[in-house]
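Take a look at the structure set out below.
The values are calculated or read from the model by the stated rules, or taken from the named source; none is laboratory data. None of these values were measured; they are calculated from a predicted model. No Cβ is skipped: glycine too gets one built from the backbone with ideal geometry, and neighbour counts run over all protein chains shown.
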Amino acid sequence: MSVAEKAPSKTMSDAEIVEAYLTASMIPDPEAAAVYMAPGTVITFTGGREFDHPRGPAGFNAKRYRWVKKKMDRFDVCPGEGETVVYSVGTLYGEWHDGTSFEGNRYVDRFVVKGGKITKMDVWNDSAERILVQRGIDA
């Protein structure tokens, strides 16, 4: 059974919960990803866009990319009082809508995990910068 197929449980580490969420998100299967999120979770996406369900980022990504995946290089885990902050750091790869492929697009996702569920997610990546370069606006 893959990590994405597991239901969240006390046996999964906070990093495994984040990895399972991201794996489901990349399918994309927003409903499977939502299993790892607590009610009321806020996802703050690139550009400050806020979503309350993984459908939001999936819909936004469908407008920006033909398809996109994450190469998850590492998870940095920062335990705290009653919550854990988990950073997923890596690169994006995929294809723009014009058919041009890309890779090496840096990303950092920051998650807050409490009681075995994601309660907050913040997303940053270089896609906007790459779009500017494509359009010749790389000042």
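Data for the structure
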item: In the range 116-135, residue surrounded by the fewest Cβ atoms within 10 Å (Cβ to Cβ) [restricted to those that are of a type in the set (Gly, Ala, Ser) and out of contact with any strand residue (DSSP E or B) (no Cβ under 7 Å at 6 or more places or on another chain)]; result: 128
item: Output for the range 104-119, where each listed residue is under 9 Å from residue 83 (Cβ atoms) and of a type in the set (Gly, Ala, Ser); result: 115
item: Some residue of the range 36-46 being crowded, with 17+ Cβ neighbours inside 10 Å, modelled with pLDDT under 95 and either part of a helix (DSSP H, G or I) or within 14 Å of the chain's Cα centre (by Cα) (or both); result: yes
item: Unmet requirement for residue 100, which otherwise passes all of (1) at pLDDT below 95; (2) closer than 23 Å to residue 16 by Cα; result: (2)
item: Count of residues meeting criterion [among the aromatic types (Phe, Trp, Tyr) and under 16 Å from the mean Cα position of the chain (by Cα)] in the range 86-112; result: 4
item: Complete set of residues in the range 98-139 that are part of a strand (DSSP E or B), in contact with a helix residue (DSSP H, G or I) (Cβ under 7 Å, 6 or more places away or on another chain) and over 30 Å from residue 79 (Cα atoms); result: 102
item: Tabulated pairs, the range 123-139, first of a type in the set (A, V, I, L, M, F, W, C), second exposed (fewer than 12 other Cβ atoms within 10 Å of the Cβ), C-beta under 8 angstrom, 6+ apart or interchain; result: 128/47; 132/138
item: The range 86-115 residues that are in contact (Cβ under 8 Å) with a residue 60 or more places away in the chain, paired with ones that are among the small types (Gly, Ala, Ser) (beta carbon under 6 Å, 6 or more apart); result: 86/15; 109/88
item: Of residues in the range 1-25 being at pLDDT below 95 and out of contact with any Ser or Thr (no Cβ under 8 Å at 6 or more places or on another chain), the one surrounded by the most Cβ atoms within 10 Å (Cβ to Cβ); result: 8
item: Some residue of the range 61-80 being modelled with pLDDT under 95, loosely packed, with under 13 Cβ neighbours inside 10 Å and more than 17 Å from residue 26 (Cα to Cα); result: yes
